[in-house]
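*Asks:* Sharing a structure below in C-alpha cells format, with a few things to ask.
Every number in this text was worked out from the coordinates using simple rules, so none of it is lab data. Just so it is clear, the structure is predicted and the values come from calculations on it, not from any experiment. FYI the Cβ positions are ideal-geometry reconstructions off the backbone, even for glycines, and counts take in every protein chain you see.
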Amino acid sequence: MAVRTAPGLPLTGREMEIALLVADGLTDRQVASRLCISERTVHAHLRTAYAKTGTGTRTRLTIWLIRQGQVSTFRTG
C-alpha cells in the first residue's frame, strides 16, 4: 500500500510520538505494547511519517528528528 503524502508536511502527534520512540531504539513491537496499539498500526504511522519527512528508514527518520531539534544526540543516564 503506497502512502500518498507530500514530503515536508508536519507529523501528527501520534506519528511524532511513534517516531520519537523509534528514535529511542524501541522495536515496532515495543512501541505497540507501550502505546496499546497493534504493530500494524505502528507500521502504518511509520509509513506515513517516512513519506512526510522524505525518509524511508528508521535511521533516516531519526536523523531527520535530530535535525528538527526533536531528539538530542547526547543521552544521559
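*Asks:* Report, ordered by the first and then the second residue, all pairs with beta carbons closer than 8 Å, sequence separation of six or more or different chains, a first member in the stretch 8-36 that is assigned to a loop (DSSP other than H, G, I, E, B), and a second member that is small (Gly, Ala, Ser).
*Replies:* Gly8/Gly54; Leu11/Ala19; Leu11/Ala49
*Asks:* Let me ask something else. Within the stretch 37-71, can you find the residues that are of a type in the set (Ser, Thr, Tyr), without any contact (Cβ under 8 Å) to a residue 12 or more places away in the chain and in contact with a helix residue (DSSP H, G or I) (Cβ under 8 Å, 6 or more places away or on another chain)?
*Replies:* Selection gives Ser38, Thr41, Thr55, Thr57.
*Asks:* With the requirement that a residue be surrounded by fewer than 19 Cβ atoms within 10 Å (Cβ to Cβ) and over 14 Å from Thr12 (Cα atoms), what does the stretch 42-55 give you?
*Replies:* His43, Gly54
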